[in-house]
Amino acid sequence: MTKLIDLEPLRMALQALEAVLVMPDHKIPHDILRDSGIQRFEFSFELTWKTLRRYMSIYFGKSEKHTRAVLKLAFEMKLIDDIKIWDVFLEARNLSSHEYGVEISEKIFATAKVFLPLGKEALKRMEEGLA
């Protein structure tokens, strides 16, 4: 299959998120680590669903406009496995834009840790489709 999509930005975003998530708390104050992780989760999640949208449009001729519809289509196309957990990621992403309390921040940071391997899996499936 001819490569019509560049997956490198997504790979780099996920690597940036991983760099924060594996960093020990004693290296940097937890609140700074958490806030950095949340920021990286936000852009990694956004780039993941937008890359899925572009990938499905190019390679399957299917396109959706809204995030939930894109995720549902990605599930149907077997690019992601568990639509319910991706809804959790979307909710966490939306919360991160509107809520700023410590408790919510900790919850979003924990969600980012769950997101990372599934974001990497979605990337892997897109790469395999290009092979």
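Computed quantities for the displayed model
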read-out	value
Eligible lysines near Lys107 by straight Cα distance, threshold 28 Å, same-chain separation 8 or greater	Lys27, Lys50, Lys65, Lys72, Lys78, Lys84, Lys120, Lys124
Dipole magnitude of the chain about its Cα centre (Cβ charges: Lys, Arg +1; Asp, Glu -1), debye to nearest 20	500
Length released on extending from Lys72 to Ile104, taking residue separation times 0.36 nm less the Cα-Cα span	8.9 nm
Base-10 log of normalised Debye intensity for region 35-131 (one unit scatterer per alpha-carbon) at q = 0.17, 0.22 Å⁻¹	-0.70, -1.08
In nm, spacing of pseudo-spin labels at Phe60 and Ile5 (7 Å Cα→C-beta vector)	0.9
C-alpha long axis of helix 8-21 to longest principal axis of the chain, angle in °	20
His26 versus Lys84: modelled label distance in nm, points set 7 Å from Cα along the beta carbon direction	3.9
Between helix 67-76 and the chain: long-axis angle, C-alpha atoms, 0 to 90°, nearest 10	60
0 to 90° range, to nearest 10: angle between helix 30-60 axis and the chain longest Cα axis	10
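Each value in this text was obtained by applying a stated rule to the coordinates, not by laboratory testing. Please read all numbers here as calculations on a predicted model, not as lab measurements. Backbone-built Cβ (ideal geometry, glycine too); neighbour counts: all protein chains shown.
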